[in-house]
Amino acid sequence: MSNDESQGMSRRGFVASSIATAALLGGGASPQLVLRAQATAPQLRDRRNDDAVEERSISQLQAEMGSGAMSSREIVEAYRARIGAMDHDLGAVLELNPDALAIADALDAERKSGKVRGPLHGIPILLKDNIATADKMQTAAGSLALVDARPPRDAFIAERLRAAGAVILGKTNLSEWANFRSTHAASGWSGRGGQCRNPYALDRSPSGSSSGSAAAAAASFCAAAIGTETNGSIVSPASACSLVGIKPTVGLVSRSAIIPISRSQDTAGPIARSVTDAAILLDAIAGADPRDGATMAAGAKRVSVYAAHLDADALRGMRIGVPREQYFGYSPAADRLTQHAIDLMREKGAVVVDPVAIEKMGAAGDAEFVVLLYEFKAGINEYLATLGVGAKARTLADLIAFNTAHSSEEMPFFGQEIFEQAQRCGALTDLKYLRALAKVRTSTRAKGIDAVMAAHRLDALVAPTSGPPGLIDLVNGDADGGGSSSPAAEAGYPSITVPAGYAYGLPVGISFFGREWSEAKLIRIAYAFEQAASARRAPGYARTAALS
């Protein structure tokens with residue numbers, strides 16, 4: 001969940017760090033004083049500029065293993081050392097997989113025997129903490145309520161990653177419950193992990209809800225990471241951390257054993273430092289899963305190898321629409337960088353149709369939030385019922401009771417009014433839900449993205465993903481100015497964010513989105529733009545943004 005999911009409000013709020021949390025819970029300084037002090041508190045320790053895995057791509061790591069220069073074990077050790085040295089100040093990683101080195105050893109043995117499973121063989125990947133793994137790690141959505149509640153089996157995408165030879169390195173922090181607990185929820189804060197920070201400026205939001213996945217990938221704590229999105233939770237943190245994020249069409253990637261919000265909008269997707277790495281990761285996790293009927297319906301619409309669609313000249317002849325009046329104006333800096341990107345696309349042969357309008361976007365009103373409330377209650381009750389011995393909650397009502405009983409740990413900054421609203425909802429057979437769902441689908445699909453793309457014969461739409469990340473500010477709440485995630489998110493259609501540049505040293509991304517099952521085309525466009533722009537640079541871990 002993210003920026004404009006519920007009743008037009010932004011879902012990328014900001015909160016204080018775990019340092020501030022401890023001070024507040026201890027009754028020390030006032031929130032205002034703590035928040036003012038926290039901007040200079042973090043100090044990264046033992047950072048090595050020559051780290052063997054820093055900014056290394058998946059193909060580079062494969063080349064190292066193929067030549068014998070590094071083993072998978074050594075790569076895992078390097079990432080673990082980097083996390084140990086730097087993550088105290090970023091708060092991106094909740095836990096490391098205690099079996100990671102043993103898994104790497106087994107994969108190294110396979111390589112020595114002549115077996116290489118594919119481009120992810122031996123490659124360390126981090127997973128968001130709402131993606132189930134039936135191993136020694138937790139799956140808790142950042143909540144203390146789900147600590148020790150063991151899922152009975154891996155999420156399908158975790159199974160796919162293991163089969164592809166990836167090393168699941170650990171679990172990342174997130175906006176607790178994927179930002180679906182409170183209207184004042186905080187991007188990057190969870191009861192389990194405290195506050196995640198942005199590696200480009202430690203006083204800036206990493207955005208959410210896949211905050212830790214994005215911050216970890218940007219900081220080279222892994223080769224790439226997996227996030228999840230309901231509305232903006234992949235593309236927004238990827239943009240805020242100068243990364244590529246792919247939100248697939250709903251049904252391309254399985255949601256089974258992923259802690260849910262919405263069956264009509266939820267999807268997992270890759271977060272990486274390049275389009276190439278994101279496409280490689282998408283290839284690994286996309287697939288038909290009998291546990292998720294939406295993936296079975298995808299059928300032949302799924303492309304076999306998305307990484308095969310990388311073409312630096314792909315912008316030539318592409319018709320790209322600019323919904324200027326609807327998704328510009330959140331930030332002057334983001335608008336300038338997006339305009340520069342549009343000009344560059346023209347230079348590379350794209351046909352830019354500017355402006356266009358997604359006519360019925362916004363016509364659904366609060367119907368999307370109604371859909372999310374109903375689907376969350378149904379989905380979370382279904383998920384909780386699968387958990388084994390040790391589960392503290394079996395229903396949404398149990399979660400509400402747990403948070404109330406542990407309010408000092410779980411609700412020091414914001415409440416659980418969305419949980420309470422969802423609990424009051426009925427079944428998915430209710431007429432209110434069915435009408436809301438039909439309204440959302442009609443306004444965003446046939447009368448929304450499909451209509452504008454048909455009218456102008458478009459291959460993609462482009463807009464700023466969001467403005468530069470705002471300050472972490474628990475007292476005043478969300479300082480962000482919105483984003484462009486909603487059209488694709490509400491329709492269940494794909495979108496890809498790519499770094500476009502920097503404002504005051506803070507990342508800004510642009511998003512390409514379009515019709516359902518158009519991932520291959522969007523990946524081609526995104527890759528061609530990425531190659532032309534070469535916009536991304538590594539984070540500098542500044543204490544604060546350079547505003548002059």
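The values are calculated or read from the model by the stated rules, or taken from the named source; none is laboratory data. All of these numbers come straight from a predicted model, not from anything done at the bench. Neighbour counts run over all protein chains shown; Cβ positions are idealised from the backbone, glycine included.
Within the stretch 483-498, does at least one residue satisfy the condition of being within 22 Å of residue 372 (Cβ to Cβ), surrounded by 19 or more Cβ atoms within 10 Å (Cβ to Cβ) and at pLDDT below 95? Yes: one or more hits. Scanning the stretch 304-331 for residues that are in contact with a Ser or Thr (Cβ under 7 Å, 6 or more places away or on another chain) and either loosely packed, with under 14 Cβ neighbours inside 10 Å or among the small types (Gly, Ala, Ser) (or both) returns a single hit, 307. Only one entry of 329, 388, 379 meets the criterion of being under 24 Å from residue 178 (Cα atoms) and modelled with pLDDT under 95, and that entry is 388. Any residue at all in the stretch 490-502 that is over 13 Å from residue 278 (Cβ atoms) and in a helix (DSSP H, G or I)? Looking for residues that are over 13 Å from residue 278 (Cβ atoms) and in a helix (DSSP H, G or I), one finds at least one in the stretch 490-502, hence yes. Within the stretch 417-438, the set of residues being within 26 Å of the chain's Cα centre (by Cα) and of a type in the set (Lys, Arg) is empty.
Name every residue in the stretch 373-407 that is among the aromatic types (Phe, Trp, Tyr) and more than 18 Å from residue 425 (Cβ to Cβ), in order of residue number. Please lay out each step first, then the result.
So the first thing to find is which residues in the stretch 373-407 are among the aromatic types (Phe, Trp, Tyr), and the list is 374, 376, 383, 402.
If the condition is that a residue be among the aromatic types (Phe, Trp, Tyr) and more than 18 Å from residue 425 (Cβ to Cβ), then 402 is the only one that fits.
Residue pairs whose Cβ atoms lie under 7 Å apart, separated by 6 or more positions or on different chains, with the first residue in the stretch 441-457 and touching a residue at least 24 places away in the same chain (Cβ under 8 Å) and within 22 Å of residue 354 (Cβ to Cβ) and the second among the aromatic types (Phe, Trp, Tyr) and crowded, with 16+ Cβ neighbours inside 10 Å, are 449/493. Restricting the stretch 523-548 to residues that are of a type in the set (Lys, Arg) and part of a loop (DSSP other than H, G, I, E, B), the residue that is farthest from residue 327 (Cα to Cα) is 543. The residues of the stretch 289-303 that are buried (at least 17 other Cβ atoms within 10 Å of the Cβ) and modelled with pLDDT of 95 or more, listed by number, are 289, 292, 294, 295.
When every residue of the stretch 116-129 is checked against the conditions, at least one turns out to be more than 30 Å from residue 205 (Cβ to Cβ), among the hydrophobic types (A, V, I, L, M, F, W, C) and out of contact with any Gly (no Cβ under 7 Å at 6 or more places or on another chain).
Show me the helices (runs of 4 or more DSSP H) found entirely inside the stretch 214-302 where at least 2 residues are more than 18 Å from residue 141 (Cα to Cα) and free of Cβ contacts under 8 Å to residues at least 40 places away in the same chain. Filter on the stretch 214-302 gives 293-298. Among the numbered conditions (1) without any contact (Cβ under 8 Å) to a residue 40 or more places away in the chain; (2) more than 20 Å from residue 229 (Cα to Cα), the only one that residue 381 does not meet is (2).
Looking at the structure I just gave you, is residue 444 in a helix (DSSP H, G or I), surrounded by 24 or more Cβ atoms within 10 Å (Cβ to Cβ) and modelled with pLDDT of 95 or more?
Values: in a helix (DSSP H, G or I): yes; surrounded by 24 or more Cβ atoms within 10 Å (Cβ to Cβ): yes; modelled with pLDDT of 95 or more: yes.
For residue 444, the condition - in a helix (DSSP H, G or I), surrounded by 24 or more Cβ atoms within 10 Å (Cβ to Cβ) and modelled with pLDDT of 95 or more - is met.
Within the stretch 65-118, the only residue that satisfies the criterion of being surrounded by fewer than 19 Cβ atoms within 10 Å (Cβ to Cβ), in contact (Cβ under 8 Å) with a residue 60 or more places away in the chain and under 14 Å from residue 165 (Cβ atoms) is 118.
Taken residue by residue, the stretch 512-522 has at least one member that is crowded, with 24+ Cβ neighbours inside 10 Å, at pLDDT 95 or above, in a loop (DSSP other than H, G, I, E, B) and under 19 Å from the mean Cα position of the chain (by Cα).
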